[in-house]
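Asks: Right, I'll just put the structure down here and ask away after.
The values are calculated or read from the model by the stated rules, or taken from the named source; none is laboratory data. Please read these numbers as outputs of a predicted model, since none were measured by experiment. Glycine also receives a Cβ, built like all others from the backbone with ideal geometry; neighbour counts cover every protein chain displayed. All accessible areas refer to the heavy atoms of the entire protein, side chains included, with ligands and DNA or RNA removed. Shrake-Rupley method; radii C 1.70, N 1.55, O 1.52, S 1.80 Å.
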Amino acid sequence: MTEMQSDFQQSEHITYEKAPPITDLDGAYGVVSRIRGRLRRAVRGRDDVIEAVIIAMLGDGHILLEDFPGSGKTTLAKALGDCIIDDMPHDEIVAIRRIQFTPDLLPADVTGTTIFDPNSNKFFFRPGPVFAHVVLADEINRTSPKVQSALLEAMGEKQVTVDNRTRQLDPLFFVIATQNPLDFSGTFPLPSAQLDRFLFKIRMNHIPREAELEVLASIRTRRQKPAPQEDLPRVTRTEILDARQVIEEHVHLAPAIRETLVDIAEVTRNDPRVIQGLSTRALVLMIPALQARALTQHRNYVTDEDVRALALHTFGHRLELAPGAGEVGALIQELMAGPLEALARRGAAS
């Protein structure tokens, strides 16, 4: 085995006792609780972002964070990767990889490339960092559109094509991407097709005063190597995939909720302040997110509260507004007020 090959392989495979399959909502909620507990222990003052990350992962989507340097995004991604036990180890796929996007990055640096090995006189594939359960795509808008597009197939189809050969990524494949605000110098705005691959886009703000003081008080502890946290159990890759299946099969989504989503989309398409309204794909991606959010609230059904909670995260980056239309969050709240009111009336009449 060459040195290049070993860079992408774990030094050893640890055998874990296989956990029983998760088949009900209580088991799926247990997965949520374990991930939530470990992430909140590692990242302070980001409970809202942690909830969005959990919902996106269980909803089989990806998340884009618009932030500033030093906001804790790397800590969050590493903590998420540390949550996951790979109970089906694979030579090419690891728990977490980070891609630091820069202007000189190449597509092969993301997807992988074919390399000639003079010792064996053969070509072999060196996997790129997308071959991981959790991928942190850091400052994704610092690189060129050509490299940004290298993630399109991976995020949309969970596969990459290199040298005319398609290779499958793991079913768990989950991307946490960050971007700098667009008014920063040296940024390349993500095209609509790339933005549409993200289930959520969230703008991160500074953490509350109390949480920031707590971070400062624990600097010394955080710099030391953390001890194993036996009181906070992890989850396996299979448990996450099982939880996704349970959510799809056992969290009820009433036809009235689907009608409301279509009504919201039609309102955005017909409003003169919106140049490009919501697509059908946006509504399709919204459904598993709503079901996952219901599970995080320990419910087996979706309500209008879930729609209100996720609307801005899911729809905000998919709308193209006309000049002078105002702030996207306020506009979304205004446009969905009518459909949600109609949903409440239908619920009261039933």
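Asks: Within the stretch 198-206, does at least one residue satisfy the condition of being in contact (Cβ under 8 Å) with a residue 40 or more places away in the chain and in contact with a Phe, Trp or Tyr (Cβ under 8 Å, 6 or more places away or on another chain)?
Replies: Yes: one or more hits.
Asks: Something else: What number of residues within the stretch 138-190 satisfy the criterion of being open to solvent by less than 10 Å² (accessible area, probe 1.4 Å) and among the β-branched types (Val, Ile, Thr)?
Replies: 7
Asks: Would you confirm whether any residue within the stretch 107-119 is assigned to a helix (DSSP H, G or I), modelled with pLDDT of 85 or more, among the β-branched types (Val, Ile, Thr) and closer than 28 Å to Val235 by Cβ?
Replies: As a first pass, look at the stretch 107-119 and keep what is assigned to a helix (DSSP H, G or I): 108-111.
Restricting the remaining residues to those that are modelled with pLDDT of 85 or more gives 108-111.
If we keep only those that are among the β-branched types (Val, Ile, Thr) as well, we get 110-111.
In the following step, the residues that additionally are closer than 28 Å to Val235 by Cβ were identified as 110-111.
Within the stretch 107-119 (the criterion being assigned to a helix (DSSP H, G or I), modelled with pLDDT of 85 or more, among the β-branched types (Val, Ile, Thr) and closer than 28 Å to Val235 by Cβ), the answer is yes, since at least one residue qualifies.
Asks: When only residues in the stretch 122-137 that are more than 14 Å from the chain's Cα centre (by Cα) and not in a loop (DSSP other than H, G, I, E, B) count, which is surrounded by the most Cβ atoms within 10 Å (Cβ to Cβ)? Break it down into steps so the answer makes sense when it comes.
Replies: Step one: of the stretch 122-137, the residues more than 14 Å from the chain's Cα centre (by Cα) are 122-129, 131.
Next, from what is left, pick out any that are not in a loop (DSSP other than H, G, I, E, B): 122-127.
Details: Lys122: 9, Phe123: 10, Phe124: 13, Phe125: 17, Arg126: 18, Pro127: 24.
The qualifying residue surrounded by the most Cβ atoms within 10 Å (Cβ to Cβ) is Pro127.
Asks: Hey, another quick one. Can you say whether Asp67 is surrounded by 15 or more Cβ atoms within 10 Å (Cβ to Cβ) and either in contact with a strand residue (DSSP E or B) (Cβ under 8 Å, 6 or more places away or on another chain) or of a type outside the set (Val, Ile, Thr) (or both), as far as the supplied structure shows? Spell out how you get there, then give the answer.
Replies: Details: surrounded by 15 or more Cβ atoms within 10 Å (Cβ to Cβ): yes; either in contact with a strand residue (DSSP E or B) (Cβ under 8 Å, 6 or more places away or on another chain) or of a type outside the set (Val, Ile, Thr) (or both): yes.
For Asp67, the condition - surrounded by 15 or more Cβ atoms within 10 Å (Cβ to Cβ) and either in contact with a strand residue (DSSP E or B) (Cβ under 8 Å, 6 or more places away or on another chain) or of a type outside the set (Val, Ile, Thr) (or both) - is met.
Asks: Check the stretch 333-348 and report whether any residue there is part of a helix (DSSP H, G or I) and under 24 Å from the mean Cα position of the chain (by Cα).
Replies: Looking for residues that are part of a helix (DSSP H, G or I) and under 24 Å from the mean Cα position of the chain (by Cα), one finds at least one in the stretch 333-348, hence yes.
Here is a yes/no grid of residues against (1) of a type in the set (Phe, Trp, Tyr); (2) surrounded by fewer than 21 Cβ atoms within 10 Å (Cβ to Cβ); (3) more than 25 Å from Glu157 (Cβ to Cβ); (4) touching a residue at least 60 places away in the same chain (Cβ under 8 Å):
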position: Ile55; (1), (2), (3), (4): no, no, no, yes
position: Ile63; (1), (2), (3), (4): no, no, no, yes
position: Lys73; (1), (2), (3), (4): no, no, yes, yes
position: Ala77; (1), (2), (3), (4): no, no, no, yes
position: Leu106; (1), (2), (3), (4): no, yes, no, no
position: Ser120; (1), (2), (3), (4): no, yes, yes, no
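Asks: Looking at Ala243, is it in contact with a strand residue (DSSP E or B) (Cβ under 8 Å, 6 or more places away or on another chain), at pLDDT 95 or above, closer than 30 Å to Met88 by Cβ and not in a strand (DSSP E or B)?
Replies: no
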